[in-house]
Amino acid sequence: MNAAGWMDTLIKDIRYAARQFGRNRVFTLVAVLSLAIGIGANTAIFSIMNVVLLKSLPVRNPHELVLLTDPNQSGVSDGMSSGERGMMTYAEFAQLRDHATSFSGMCAAQASLNRWPVRIAGGGQEEARAKLVSEEYFSVLGVEPAVGRFFSVADGKSPGQDPYVVLSYDYWQKRFGGNVSALGMQIRVQSTPMTVIGVAAPDFHGESAGDKPDFWMPMMMQIAVMPGRDWLHEDLSKQIDKLMWLQTFARLKPGVTMARAQTEVDVLFRNIIEAGYPTTLSPETRKGALDQHLKLHDARVGSFGGRDEFSQQLLVLLGASAVVLLIACINVANLLLARAAARSKEVGVRLSIGASRMRLIRQFLTESLLLSAIGGVLGLLFAWGAARLLVLLLSQDQSTLTPAIDLQVLGFTAGVTFLTGLIFGLAPAVRATRVNLNDSLRDSGRITASGGKLNVAKGLVIAQVALSLLLVTGAGLFLRTLWNLQSVALGYPKEKLLMVTVDGVTAGYKDARLTSLWLDLTDRLRHVPGIQGVTYSENGLFSGSESGDEVDVEGFKPSKQDERGSRFDAVGPQYFSTVGIPMVLGREFGSQDTAASPHVCVINEAFAKKFFAGRSPVGYHITEKFGDQKNVMEVVGVAKNARDHRLRGDVPPRFYLPSDQGMEGPNKWATFEIRTAGDPEQMLGTIRKTILSVNEDLPLENARPLLDNVDHTNAQPRMIAQLCSIFGVIALLLGATGLYGVLSYGVARRTNEIGIRMALGADRGNVVAMVLRETSVMIVIGVVTGVAATFGATRLIAAKLYGLSPMDPVTIVASVLMLAVVALVAGYIPAARAARVNPVTALRHE
């Protein structure tokens, strides 16, 4: 057959299939909705994976881009690194940019998307998301402006010379109405006036898939827009810690391989860090400081902080949605088998007049693929909304992801749709053409399907039960994990505790003035009606900020280097009593613990257990070490273990020191922990007003109850539990539908047998029991198969669980019982219908 003839036959098959679907609207609706849910769920999850893992940046020749830093890193790191460097300092970037010969250009971007207080055209204060990027940023990436121009190296040769901003297209449309008059408008960032000079292209959102800035600022303006912080220069005369805050991109020159560029970068970076640490360091400290290197990464998909963990969660969800789609395929296959039985006369007639079995199989496959195509189109519509909902559920931090239905997503959906049509259509198509011509032509009113088809349908139902159990058990494990995490005891009352972070350095405070600021704010807040206690700390509770250093403990001899580390925090007076952490031994900090007084510390029980096993810690000394700097402290108290940064795992060793006694002086910013008498959210306005009454330029961040921080920590486990529960419910419904369909079909085939049984004296209870026995056999086999599959599959998610094993017996038993109840209810309906058969009518059917 030539191409024209083949196409003509295909069109006729499609028209015939459409007429068949029109005559069987209930069948069509159930099949299409089942497929749309399965295909749509997979498409929604893939669309997000596409943005995070697969989609190239909308820049010129993205395959030429490399990252010199870790694409999974974000934020700011202040200290000494080791091994592969996650981020870079500005000085390191500048030296590599100026000396590397393997690249046609190099640029850097702030590794975090900050929220900035801004005033637009002299208006009131508002908040915008923005990033500092190097002046070469746009030219190296290779993007063009939609309106105006980009800033460049020519604009800023030294700090403060290029007070310009480039707006994102979305922000331009949302905030400025897409008006060209935005060019030349002034935006005041902090206290620095900046001028809008351009707008980025609509599809360009920056170098990170997880960020969506409102605008970009030149890096030479860092000191101006971040008063009190100079991140462009390194002064190693006083300290050896480096402020690492940049993701660094480069574009390979034509003909230069990544391996060759890596070799050059290794040499250059080694020279940079050798010259970047004082020669006066001890040999041991210098050896540790020089244990650093850069690794080049393919940068065509950009950077994304936390990509590995985010990807693992998406893979779990993609696996669950794939199981849902497989269950939907089984469901439709069963529907097609039942429908094929009703079409046995049609098949017999067409075979008897000369149609080949392959021609009929092609016709049935055309119908299956058409069903799948309709389901795929509806699935795309479902995925469009589901992907956006999924982004909101995944994490507040990742809400700037912008999944879209692009060519890659369309290709994925088309492939899934085609495979789906083959999976559920091939077996029913082959089975439908295996008919006995004599039986099929004898009586048009009788269902003549063979027992083989029913056996295939039962096998498919057993597979549905097994897969449904797998999903229900997985959902149960994630729900119990979420419950366990929400039930973790923090070691202090988490209710009625309010958090607010104040940045003193940005407002112009330094050294002793910072100490006075924190004490003044503490005193003012303590006198606000409804507040029971006030304290502060450098890192805050569940804030995402953490500190750690090496320690030498008097009387403790470590057997290996990793036994010297401990977490720490610098806290204010009455920290433990305000937060509610009980003291086990000694005392907590008070107003007497100042920079001029003897240095002291409080340790937690985990620290005491690790370093003071069998000894009373009070009175012993701990030496905090960073490089060659040391801070000797006397232990004055032991506090109970408290969870202040994470819910999983054991509480790590931690020491606390007064905020004025750290090696770097007083806290540069402070998170105030405020214990309230009533609802802390209702106190937010009063607390803001009280803090700003001291200085209206004080930046306030993350003002919210502690419960919100803890809930944010559980955001991803909650999302996985919610979505897996939804998938589990869908699986139960699809499985129940499949079981109901097979049993209804079986009852219809056995109408005469049931009539004979009832004519011979069987009552309705016997008939119901007969059908439910058949149901129970399928359930039992499916459950046994499902438990075996669960044993293998749940081991893959063991790292995501908390407080229970992958084969938790309570969860498995509960899932089996739930599945059994739903399946028995689905089986009881056709059983009850069979029991109402009139024997006379049934015998006439024969």
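The values are calculated or read from the model by the stated rules, or taken from the named source; none is laboratory data. Remember, it's a predicted structure, so these values are computed and weren't measured experimentally. Neighbour counts are summed over all protein chains in view; Cβ atoms, including those assigned to glycine, are modelled from backbone coordinates with ideal geometry. The accessibility values were calculated without ligands, DNA or RNA, using every heavy atom of the protein model including side chains. Shrake-Rupley method; radii C 1.70, N 1.55, O 1.52, S 1.80 Å.
Exactly one residue out of GLY504, GLY533 is over 34 Å from the mean Cα position of the chain (by Cα) and in contact (Cβ under 8 Å) with a residue 12 or more places away in the chain: that is GLY533. Look through VAL52, VAL66 and report the one residue that is touching a helix residue (DSSP H, G or I) at 6+ places or on another chain (Cβ under 9 Å), part of a strand (DSSP E or B) and over 25 Å from SER158 (Cβ atoms). None of the others qualify; the one that does is VAL66. Suppose we filter segment 548-574 for residues that are open to solvent by less than 30 Å² (accessible area, probe 1.4 Å) and of a type outside the set (D, E, K, R); how many remain? Total satisfying the criteria: 8. Restricted to segment 51-67, and to residues there that are open to solvent by less than 30 Å² (accessible area, probe 1.4 Å) and modelled with pLDDT under 85, the residue that is nearest to HIS293 (Cα to Cα) is VAL52. With respect to the stated conditions, ALA457 fails to be at pLDDT below 85, crowded, with 16+ Cβ neighbours inside 10 Å and not in a helix (DSSP H, G or I). Here ASP523 does not fit the description of being surrounded by fewer than 14 Cβ atoms within 10 Å (Cβ to Cβ) and in contact with a Gly (Cβ under 7 Å, 6 or more places away or on another chain). Taking the criterion of being among the aliphatic types (A, V, I, L, M) and under 26 Å from ASP650 (Cβ atoms), the residues of segment 455-504 that qualify are LEU477, LEU479, LEU482, LEU485, VAL488, ALA489, LEU490, LEU497, MET499. Looking at segment 637-649, can you tell me whether even one residue there is out of contact with any Leu (no Cβ under 7 Å at 6 or more places or on another chain), assigned to a loop (DSSP other than H, G, I, E, B), open to solvent by 60 Å² or more (accessible area, probe 1.4 Å) and farther than 30 Å from LEU801 by Cβ? No, the conditions are met nowhere in segment 637-649. Scanning segment 151-169 turns up at least one residue that is at pLDDT 95 or above and β-branched (Val, Ile, Thr). Within this structure, ALA36 passes the test of being over 30 Å from HIS297 (Cα atoms) and either in contact (Cβ under 8 Å) with a residue 60 or more places away in the chain or touching a Gly at 6+ places or on another chain (Cβ under 9 Å) (or both).
Residue by residue, here is whether (1) of a type outside the set (Val, Ile, Thr); (2) more than 22 Å from the chain's Cα centre (by Cα); (3) more than 30 Å from ALA814 (Cβ to Cβ); (4) buried (at least 24 other Cβ atoms within 10 Å of the Cβ) holds:
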{"residue": "VAL461", "(1), (2), (3), (4)": "no, yes, no, yes"}
{"residue": "VAL465", "(1), (2), (3), (4)": "no, yes, no, yes"}
{"residue": "LEU479", "(1), (2), (3), (4)": "yes, no, no, no"}
{"residue": "TRP483", "(1), (2), (3), (4)": "yes, no, no, no"}
{"residue": "LYS494", "(1), (2), (3), (4)": "yes, yes, no, no"}
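The set of residues from segment 621-635 being surrounded by fewer than 20 Cβ atoms within 10 Å (Cβ to Cβ) and either of a type outside the set (Lys, Arg) or under 29 Å from the mean Cα position of the chain (by Cα) (or both) comprises HIS621, THR623, PHE626, ASP628, GLN629, ASN631, VAL632, GLU634.
Which of the residues that make up segment 758-809 are modelled with pLDDT under 85, closer than 22 Å to VAL316 by Cα and among the polar types (S, T, N, Q)? Scanning segment 758-809 gives a single hit, THR794.
Of all residues in segment 761-808, those being aliphatic (A, V, I, L, M), more than 23 Å from VAL822 (Cβ to Cβ) and within 43 Å of the chain's Cα centre (by Cα) number 6.
Here THR257, THR285 are screened, and the one residue that is modelled with pLDDT of 90 or more and β-branched (Val, Ile, Thr) is THR257. Output yes when any residue across segment 582-596 is touching a strand residue (DSSP E or B) at 6+ places or on another chain (Cβ under 7 Å) and closer than 20 Å to ILE687 by Cα, and no when none is. Within segment 582-596, none of the residues are touching a strand residue (DSSP E or B) at 6+ places or on another chain (Cβ under 7 Å) and closer than 20 Å to ILE687 by Cα.
Yes or no, residue by residue, for (1) touching a Ser or Thr at 6+ places or on another chain (Cβ under 8 Å); (2) within 17 Å of HIS293 (Cα to Cα); (3) at pLDDT 95 or above:
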| residue | (1), (2), (3) |
| --- | --- |
| PRO213 | yes, no, no |
| MET217 | no, no, yes |
| GLY228 | yes, no, no |
| ASP235 | no, no, no |
| GLN239 | no, no, no |
| PHE249 | no, yes, yes |
| ALA275 | no, yes, no |
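When you scan segment 664-680, do you find a residue that is without any contact (Cβ under 8 Å) to a residue 40 or more places away in the chain and either closer than 30 Å to LEU772 by Cα or of a type outside the set (S, T, N, Q) (or both), even just one? No, because not a single residue in segment 664-680 is without any contact (Cβ under 8 Å) to a residue 40 or more places away in the chain and either closer than 30 Å to LEU772 by Cα or of a type outside the set (S, T, N, Q) (or both).
Taken over segment 485-521, residues that are assigned to a loop (DSSP other than H, G, I, E, B) and over 19 Å from GLU664 (Cα atoms) amount to 10. Of the strands (runs of 3 or more DSSP E) that lie entirely inside segment 179-264, those containing 3 or more residues that are open to solvent by 10 Å² or more (accessible area, probe 1.4 Å) span 192-200. Residues in segment 111-149 that are more than 20 Å from ALA94 (Cβ to Cβ) and in a loop (DSSP other than H, G, I, E, B): LEU113, ALA121, GLY122, GLY123, GLY124, GLY142, VAL143, GLU144, ARG149. The residues of segment 83-110 that are in a helix (DSSP H, G or I) and open to solvent by less than 20 Å² (accessible area, probe 1.4 Å), listed by number, are GLU92, PHE93, ALA94, LEU96.
So in segment 401-426, with the set limited to residues that are open to solvent by 20 Å² or more (accessible area, probe 1.4 Å), within 30 Å of PRO213 (Cβ to Cβ) and β-branched (Val, Ile, Thr), which one is farthest from the chain's Cα centre (by Cα)? Checked segment 401-426; the qualifying residue farthest from the chain's Cα centre (by Cα) is ILE405. Scan segment 585-608 residue by residue and report those that are modelled with pLDDT of 95 or more and of a type in the set (Val, Ile, Thr). Correct list: VAL600, VAL602, ILE603. Can you work out which of the residues in segment 528-562 that are of a type in the set (S, T, N, Q) and over 23 Å from GLY79 (Cα atoms) is modelled with the lowest pLDDT? Per the stated criteria, the residue is SER559.
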